[in-house]
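Undergrad: Below you'll find the structure I mean.
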Amino acid sequence: MLFSRRTPADLSENPLAAALRARSEPYVDLTVSNPSAAGLSPSEEELRGALSPAGSAAYRPDPRGLASAREAVSASYAARGADIHPDHIFLTASTSEAYSFLFKLLADPGDALLVPEPSYPLFEHLVRLEALSAVPYRLRLPPPEHRWRLDFATIERGLDGGARAVLSVHPNNPTGSFVSGDDRRRLLALLDPGRHALVSDEVFLDFAVEGGADPAAPAASARGGPLAFSLGGISKSCALPQMKLAWIAIGGERAAAAAAADRLELIADTYLSVGTPVQLALPRLFEIGFRAGERIRERLRGNLAALDATLARIPGSSRLPVEAGWSAVVRLAAGNGDPAGMLLRDAGVLVQPGWFFDFAEDDVVVVSLLPEPAEFGSGWERIVAALS
């Protein structure tokens, strides 16, 4: 065979993508996850002011990232109460690249990694491209807690089966659930510091939408125990996906963290992927991104309230709990086992099907909370009409 097994043999479209491509009529898109498309990113004027720092014409690469940029990331953690030294921060072009660096660091071809389910399907591709395998562990919603929890039985089975690391999404996409402080401590207690690591994707950490959560601190703030890595980036935190800058922060036992940093430096030096201008601009991008984040939080809460009001008009429908993030998971009594396909066909509204995120239930769909309120409301009015 000519091509590597790291890419799938079958690249055909899924049924919803095929139906969308074949559709000629306009539709309302309730899957928008690009903040610039939702009118929430910093303005052109703000970006022009930020992207003209002195020194952009010079090239003096640092495999860890420019010191000024790493110091800015460290300061952003300090604002959350987390002490992470700039020397334990590595800059990457994206969180996907950050994952690829960590997979190279922690696992050999053929090894297994534990990944959450339900969750965003990117892991399937990232793990496969590194010639690794993904072993799912479940998130569960036990009554009467009304919040998502880690299923430790599935985690323990995966660790006993030889998994090298646990991938955690904090808060999860799309369930919007934080890993609680209690669950984080229990998870770390299961990990053998000589064999296991925790990789925590925290790109939505700044976007709490409902109160009452007890979120764990950034994983990299740990100063003992197993290696723990926090991933972040300005794609979400500053609503700047086009700027292409993310980071890895390292925590855990000091000697192991230092050894991990030495090896990550070798990996990062092989690629040197992050551009100089965006690194030099990072302190200013954090400033304008903070204002964008405020706009996003206001949009999320407003659309979530509108969603709840609308679901009250749809018998048999409900919203699953969401603590943070840009999505909401909804159960719809659509009657045919494929609510996403039905809504595109009959209502002209695009939502994400639950199976895209490995939900077991047939009646689950996922919607973004980012669309402009008028568009969001229009889409849900169409859904109400279609389900009536």
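Undergrad: Over the Cα atoms of segment 73-132, what radius of gyration and what Dmax do you get, in Å?
TA: 14.2, 40
Undergrad: Here's a follow-up. Can you tell me what percent of all Cα-Cα pairs in segment 151-297 are more than 26 Å apart? It would help to have the intermediate numbers written out before the result.
TA: Working: 3466 of 10731 pairs.
Value for segment 151-297 (Cα pairs over 26 Å): 32 percent.
Undergrad: Given the C-alpha atoms of the chain, compute the convex hull and give its volume per residue in Å³. Write down the numbers at each step before the final one.
TA: Numbers: hull volume 61.1 nm³, N = 388.
Per residue, the Cα convex hull of the chain comes to 157 Å³.
Undergrad: Could you derive backbone 3J(HN,Hα) for segment 90-97 from the dihedral phi with the Karplus parameters 6.51, -1.76 and 1.60 (θ = phi - 60°), listing whole Hz in sequence and x where the residue is Gly or Pro?
TA: Whole-Hz 3J(HN,Hα) from phi for segment 90-97: 10, 8, 9, 7, 6, 5, 4, 5.
Undergrad: Under the rule of at least 5 residues apart or a separate chain, name every residue whose amide H is placed under 5 Å from the amide H of residue 92.
TA: Here 246, 247, 248 satisfy the definition.
Undergrad: When each pair of different Cα atoms in segment 178-218 is counted once in the 1/r mean, what is the Kirkwood radius in angstroms, to one decimal? Please report the intermediate quantities before stating the final value.
TA: On the way: mean 1/r = 0.0863 Å⁻¹.
After inverting the mean inverse Cα-Cα distance, the result is 11.6 Å.
Undergrad: Return the sequence-ordered ³J(HN,Hα) values of segment 98-107 in whole Hz as given by the Karplus equation 6.51 cos²θ - 1.76 cosθ + 1.60 applied to θ = phi - 60°, using x for Gly and Pro.
TA: Those phi angles translate into 4, 4, 4, 4, 5, 5, 5, 6, 9, 9 Hz.
Undergrad: List every residue whose amide H lies under 5 Å from the amide H of residue 135, counting only residues 5 or more places away in sequence or on a different chain, with H placed 1.01 Å from N in the peptide plane.
TA: 113, 114, 115
Undergrad: Let me ask something else. Of the chymotrypsin sites (Phe, Trp or Tyr not before Pro) in segment 7-80, which ones lie in a loop per DSSP and count no more than 12 other C-beta atoms within 10 Å? Could you put the intermediate results ahead of the total?
TA: Numbers: sites: 27, 59, 77; in loops: 27, 59.
Answer by residue number: 59.
Undergrad: Please state the relative contact order of the chain as a whole percent: Cα pairs under 8 Å, 6+ residues apart?
TA: The value is 23 percent.
Undergrad: Return the ratio Rg/(2.2 N^0.38 Å) for segment 13-58, where Rg is computed over Cα atoms only. List each step's numbers first, then the result.
TA: Details: Rg = 18.5 Å, N = 46, 2.2 N^0.38 = 9.4 Å.
After normalising by residue count via 2.2 N^0.38 Å, the value is 1.96.
Undergrad: Mind checking which of 215, 141, 169 is farthest towards the positive end of segment 88-220's charge dipole, using Cβ charges of +1 (Lys, Arg) and -1 (Asp, Glu) about the Cα centre?
TA: It is 141, whose Cα lies furthest towards the positive end.
Undergrad: I've got another one for you. So how strong a dipole does the chain carry about its Cα centre when Lys and Arg Cβ are +1 and Asp and Glu Cβ are -1, to the nearest 20 debye? Before the final figure, lay out the partial values.
TA: Numbers: 37 positive and 47 negative charges, 60 e Å.
My answer is approximately 280 debye.
Undergrad: Taking the chain as the reference, fit the longest principal axis to its C-alpha atoms, fit the long axis of helix 254-271 to the helix C-alpha atoms, and give the angle between the two in degrees, 0 to 90, nearest 10.
TA: So the helix axis and the longest Cα principal axis differ by about 80 degrees.
Undergrad: If eta is 1.002 mPa s and T is 20 °C, what Stokes-Einstein diffusion coefficient results for segment 23-170, Kirkwood Rh from Cα pairs, in µm²/s?
TA: Rounded to a whole number, D works out at 111 µm²/s.
Undergrad: Now a separate question. How long are the semi-axes of the ellipsoid equivalent to segment 5-100, from square roots of 5 times the Cα gyration tensor eigenvalues, in whole Å, largest first?
TA: On the way: eigenvalues 272, 94, 51 Å².
The equivalent ellipsoid of segment 5-100 has semi-axes of 37, 22, 16 Å.
Undergrad: If you don't mind, there's one more thing I want to ask. Taking the Cα atoms only, what angle lies between the long axis of helix 67-79 and the longest principal axis of the chain, rounded to 10 degrees?
TA: Once rounded, one gets 60 degrees.
Undergrad: Something else: Can you list residues from other chains, or at least 5 along the same chain, whose modelled amide H is less than 5 Å from the amide H of residue 169?
TA: Those qualifying (amide H under 5 Å, at least 5 residues apart or on another chain) are 201.
Undergrad: Relative contact order for segment 60-162 using alpha-carbon pairs under 8 Å, separation at least 6, rounded to a whole percent?
TA: The value is 18 percent.
Undergrad: Here is a further query. What number, in nm² with one decimal, is the all-direction average of the projected area of the convex hull of the alpha-carbon atoms of segment 221-326? Spell out each step's value before the answer.
TA: Values: hull surface 39.6 nm².
Its Cα hull, projected and averaged over all orientations, spans 9.9 nm².
Undergrad: Sticking with this one: I'd like to know how segment 158-202 sits against the 2.2 N^0.38 Å rule of thumb: what's its Cα Rg over that expected value?
TA: Details: Rg = 11.1 Å, N = 45, 2.2 N^0.38 = 9.3 Å.
Dividing the Cα Rg of segment 158-202 by 2.2 N^0.38 Å gives 1.18.
Undergrad: Tally up the carbon and sulfur contribution to the accessible surface of the chain as a whole percent, 1.4 Å probe, everything protein left in place. Could the numbers behind the result be given before it?
TA: Details: 9030 of 17230 Å².
Answer for the chain is 52 percent, counting heavy atoms of protein chains only.
Undergrad: Tell me, what ³J(HN,Hα) does each residue in segment 38-48 have, in order and in whole Hz, if you take phi through Karplus 6.51 cos²θ - 1.76 cosθ + 1.60 with θ = phi - 60° and put x for Gly and Pro?
TA: Couplings: 9, x, 10, 6, x, 6, 4, 5, 4, 5, 4 Hz.
Undergrad: From largest to smallest, what semi-axes in whole angstrom does segment 150-231 give when each is the square root of 5 times an eigenvalue of its alpha carbon gyration tensor?
TA: Numbers: eigenvalues 94, 38, 24 Å².
Semi-axes (√(5λ), whole Å): 22, 14, 11.
Undergrad: Taking 8 Å as the Cα distance limit and 6 or more residues as the minimum spacing, I'd like the relative contact order of segment 78-219 as a percentage.
TA: 21
Undergrad: Taking the solvent-accessible surface of protein heavy atoms with a 1.4 Å probe, what is the per residue accessible area of the chain in Å²?
TA: Working: 17230 Å² over 388 residues.
About 44 Å² of surface per residue is accessible.
Undergrad: Using only Cα atoms, tell me the angle between helix 181-190 and the longest principal axis of the chain; keep it within 0 to 90° and round to the nearest 10.
TA: 60
Undergrad: Still on this structure: To one decimal place, what orientation-averaged projected area in nm² is obtained for the convex hull of the Cα set of segment 264-388?
TA: Working: hull surface 43.6 nm².
With the hull built on Cα positions only, its mean projection is 10.9 nm².
Undergrad: Along the positive direction of the dipole of segment 287-388 (beta-carbon charges: Lys, Arg +1; Asp, Glu -1; about the Cα centre), which of 364, 314, 288 reaches farthest?
TA: My answer, from the dipole projection, is 288.
Undergrad: Okay, next question. Do any trypsin sites (Lys or Arg not before Pro) in segment 293-336 lie in a loop, going by DSSP, with at most 13 other beta-carbon atoms within 10 Å of their beta carbon, and if so which?
TA: Details: sites: 295, 297, 299, 301, 313, 319, 331; in loops: 313.
Counting only loop positions with at most 13 other Cβ atoms within 10 Å, the trypsin sites (Lys or Arg not before Pro) in segment 293-336 are 313.
The values are calculated or read from the model by the stated rules, or taken from the named source; none is laboratory data. Remember, predicted model here, so these are calculated numbers, not experimental data. Quick reminder, even Gly has a Cβ in these numbers, built from the backbone with ideal geometry, and neighbours come from all protein chains shown. Side chains are part of the model used for accessible areas, which takes the heavy atoms of the whole protein and leaves out ligands, DNA and RNA. Shrake-Rupley method; radii C 1.70, N 1.55, O 1.52, S 1.80 Å.
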